[in-house]
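Asker: Handing you this structure, nothing more for now.
The values are calculated or read from the model by the stated rules, or taken from the named source; none is laboratory data. All values derive from a computational prediction rather than experimental measurement. All Cβ positions, even for glycine, are placed from backbone atoms using ideal geometry, and neighbour counts span all protein chains on display. With ligands, DNA and RNA removed, areas are computed over all heavy atoms of the protein, side chains included. Shrake-Rupley method; radii C 1.70, N 1.55, O 1.52, S 1.80 Å.
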Amino acid sequence: MKKHNFSAGPCILPEEVLQKASEAVLNFNNDDLSLIEISHRSKPFVDVMENARSLVLELLGLENQGYKVLFLQGGASTQFLMTAYNLLNKKAAYLNTGTWSSKAIKEAKLFGEMVEVASSKDKNFNYIPKGFSIPTDVDFFHTTSNNTIFGTQIKEFPMFDGVNVCDMSSDIFSRQLDFSKFDLIYAGAQKNMGPAGATLVVIKEDILGNVEREIPSMLDYKIHLGKDSMFNTPAVFPVYVSMLTLEWLKDLGGIPFIEKVNQQKADLLYNEIDRNPLFTGFAAKEDRSNMNATFNLTDDSLKSTFETLWNDARINGLNGHRSVGGYRASMYNALPLHSVQTLVDAMQELERKA
Ligand SMILES: *Cc1c(COP(=O)(O)O)cnc(C)c1O
């Protein structure tokens, strides 16, 4: 039986997706060839790419609004610089809510002036800054919707009257948002969609073409758009698995359905963190992430007892990121409610033993 996988990324994928993906590696479309040994320009794979791209727009509610979808490589980390390369002429504004935002800011500084509108670094990024203003003369405003490492999530998005860019790597397709408020959304596949190796970019085409610099082809959104994500060989297997996950999500009822399940999972775990005197949450309550719950033991001497309990319960991937310590339970779309219940049971067992 499969373990309860709370890994932060690469993360859990639906069992039926893994099943179909492994079949396609051996024999794709009953054509006696593997998915990963056929041409990316063959009709079967072009169909996969087109299906994946249209599922993205459908699930996000962005059809017929001027958005295009790309599946690129280089991870969300390459988007840190690619967004700036393509959009930053003089000045950009960033909200600093954690490690990933800080890395995005570092890259953007290579291309122009950077305004950090607010930062939660003063409290080790355990909250989302609010009540700041965004300069009006910037080329774009960048946010990180969910802070995978610190376990905070933006609930009310501060919006800029201009181009809004968002790194949604760790919560895309997990909750309902008005995605049309964003002009560029990017996400590494391996948090909520597929295996590592593909990066999703959803882009409103009319924001491009405003920078003066020359852009190398591989980093130029326009070139990738012109070639329908096939400028060079795409990451065929990650794109295929992403397509399967998006189909799985659509069949379940899309984002409105999964949002409810994600809320149930988060409520179950946070209620236990708040109830159980042996645990304390890391993130400010109003900013808690429904994807990554960060928490600590109130008494560190219980660490090894707790570790034995959760290991015996076949729980995987619970250790917190080294910059936060403690525990991090990542509850991405494919994690079933009963896995969270198993974790809560282990926390209650610790309380009985302590
Ligand atoms: C994991 C993560 C990244 C980095 O993604 P890579 O694909 O490893 O480059 C960026 N932003 C957020 C919010 C993440 O969770």
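Asker: Suppose R0 equals 30 Å; then what is the FRET efficiency for ASN311 and ASP178 from their Cβ-Cβ distance, rounded to the nearest 0.05?
Answerer: Using R0 = 30 Å, I get an efficiency of 0.10.
Asker: Same structure, new question: Mind computing the radius of gyration and Dmax over the alpha-carbon atoms of region 12-53? Å is fine for both.
Answerer: Every Cα atom of region 12-53 included, Rg and Dmax give 10.8, 30 Å.
Asker: Still on this structure: Cut-off under 19 Å on the C-alpha distance; same-chain residues fewer than 8 positions from LYS265 excluded. Which lysines are left, in chain and number order?
Answerer: Within the straight-line limit of under 19 Å, LYS265 reaches these lysines: LYS2, LYS3, LYS155, LYS191, LYS285.
Asker: Rg over Rh of region 109-217, using C-alpha atoms and the Kirkwood radius, what does it come to? Working shown, then result.
Answerer: Numbers: Rg = 14.8 Å, Rh = 15.5 Å.
Rg/Rh for region 109-217 comes to 0.96.
Asker: Using alpha-carbon pairs under 8 Å, 6+ residues apart, how would you state the relative contact order of region 254-353 in percent?
Answerer: For region 254-353, the relative contact order is 32 percent.
Asker: Next question. Looking at the chain as a GNM with Cα springs under 10 Å, which of ASN51, ASN147, ASN232 has the largest mean-square fluctuation?
Answerer: In this elastic network of the chain, the residue with the biggest mean-square fluctuation among ASN51, ASN147, ASN232 is ASN232.
Asker: Share of the chain's accessible area from carbon and sulfur, percent, 1.4 Å?
Answerer: Values: 7290 of 15160 Å².
The nonpolar share, carbon plus sulfur, comes to 48 percent.
Asker: If you put +1 on each Lys and Arg Cβ and -1 on each Asp and Glu Cβ, how big is the dipole of the chain around its Cα centre, in Debye rounded to 20?
Answerer: Working: 35 positive and 43 negative charges, 135 e Å.
The dipole of the chain has a size of about 640 debye.
Asker: In whole Å, what is the distance between the alpha-carbon centres of region 145-205 and region 63-90?
Answerer: Centre-to-centre distance over Cα atoms comes out at 12 Å.
Asker: Tell me, what is the FRET efficiency for ILE223 and HIS40 to the nearest 0.05, using R0 = 22 angstrom and their Cβ-Cβ distance as r? Walk me through the intermediate numbers first.
Answerer: Numbers: r = 16 Å, r/R0 = 0.75.
Computed FRET efficiency for ILE223 and HIS40 comes out at 0.85.
Asker: Given bins 5 angstrom wide, list per bin the percent of all Cα-Cα distances in region 1-118, short to long.
Answerer: 2, 9, 11, 13, 15, 16, 14, 9, 7, 3, 1, 0
Asker: Another question, then. Using only the alpha-carbon atoms, what does region 254-353 span along each of its principal axes? Please give whole angstrom values in decreasing order.
Answerer: Over region 254-353, Cα extents along the principal axes are 43, 27, 25 Å.
Asker: Also: Can you list the lysines whose alpha carbon is less than 16 Å from that of LYS121, not counting same-chain residues fewer than 8 positions off?
Answerer: Cα-Cα hits under 16 Å: LYS103, LYS106, LYS130.
Asker: Rounded to the nearest 500, what is the chain's calculated 222 nm mean residue ellipticity when only DSSP H runs of at least 4 contribute -39500 (n - 2.57) each, over all residues? Let's see the in-between values first.
Answerer: On the way: 9 runs with 125 residues, N = 354.
Calculated from helices alone, the mean residue ellipticity at 222 nm is -11500 deg cm²/dmol.
Asker: Now for a separate question. Is the chain best put as rounded, prolate or oblate by its Cα gyration tensor, with a ≥ b ≥ c the root eigenvalues, rounded for a/c under 1.5, and otherwise prolate when a/b is larger than b/c, oblate when not?
Answerer: Values: a/c = 2.14, a/b = 1.22, b/c = 1.76.
Here the chain falls in the oblate category.
Asker: Hey, can you find the accessible area per residue of the chain for me, probe 1.4 Å, expressed in square angstrom?
Answerer: I get 43 Å² per residue for this part.
Asker: Give me the percent relative contact order of the chain, please, defined on Cα pairs under 8 angstrom at least 6 residues apart. If you can, show how the numbers build up before the last one.
Answerer: On the way: 666 pairs, mean separation 81.9, N = 354.
Relative contact order comes out at 23 percent.
Asker: Would you kindly state how much longer the chain becomes between GLU113 and ALA284 on full extension, computed as 0.36 nm times their sequence separation minus their alpha carbon distance, in nm to one decimal?
Answerer: Values: separation 171, 0.36 × 171 = 61.56 nm, distance 3.09 nm.
Gain in length upon complete extension: 58.5 nm.
Asker: Then there is this: For GLU205 and LEU337, what is the calculated FRET efficiency with R₀ set at 30 Å and r taken between the beta-carbons, to the nearest 0.05? Mind dumping the intermediate values first?
Answerer: Working: r = 39 Å, r/R0 = 1.31.
According to the calculation, E is roughly 0.15.
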